[in-house]
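First comes the structure, then the notes that go with it.
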Amino acid sequence: MLKTDYKFGEVFPLASQVKKNESKVEFRDIMNNNNGGVALLAFSAGQDLASHLAPAEVMVQVLEGEVIFTMIDRRQHRHAGEFFLMGNGVPHSVHAVTDAKVMLVKIKQD
């Protein structure tokens, strides 16, 4: 069953659905179920997400700002408007160069 706090058919400004927090990276689920979901992350400049494994196939889109995304020890400087794909189980970390917002679209395969 799909879990969401949003009503179908209503329109929302995407990036404003998550606010930065100076003390930690902020996460907000837009929708999710057993097959994946969509989440937003907000970073303050200088914040990091330590290395971890992707829980699904993921599309990562930078909505605002700049991040350094390290995937399998390869650093990528990404800017607002760019997206890339990442496979399930891939180790990665994130460093916010500026205040930034990122959208994750996660799809789990059976």
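The values are calculated or read from the model by the stated rules, or taken from the named source; none is laboratory data. Only a predicted model underlies this, so the values are computations on that prediction, with no experimental measurement involved. Heads up, the Cβs are rebuilt from the backbone with ideal geometry, glycines too, and the neighbour counts pull from every protein chain shown. To get the accessible areas, we keep the full protein, side chains included, count just its heavy atoms, and leave off ligands, DNA and RNA. Shrake-Rupley method; radii C 1.70, N 1.55, O 1.52, S 1.80 Å.
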Residue in the range 39-60 that is open to solvent by less than 50 Å² (accessible area, probe 1.4 Å), touching a Phe, Trp or Tyr at 6+ places or on another chain (Cβ under 7 Å) and of a type in the set (Val, Ile, Thr) present: yes
Any hit, the range 14-25, residues being free of Cβ contacts under 8 Å to residues at least 12 places away in the same chain and either under 12 Å from the mean Cα position of the chain (by Cα) or farther than 20 Å from Gln109 by Cα (or both): yes
Filter result for Asn35 (polar (S, T, N, Q) and touching a residue at least 60 places away in the same chain (Cβ under 8 Å)): yes
Strands (runs of 3 or more DSSP E) completely within the range 14-110 that count 2 or more residues being within 25 Å of Thr4 (Cα to Cα): 26-33, 36-43, 48-53, 57-64, 83-86, 100-107
Any chance Glu82 is within 12 Å of Ala42 (Cα to Cα), open to solvent by 30 Å² or more (accessible area, probe 1.4 Å), at pLDDT 95 or above and among the charged types (D, E, K, R): no
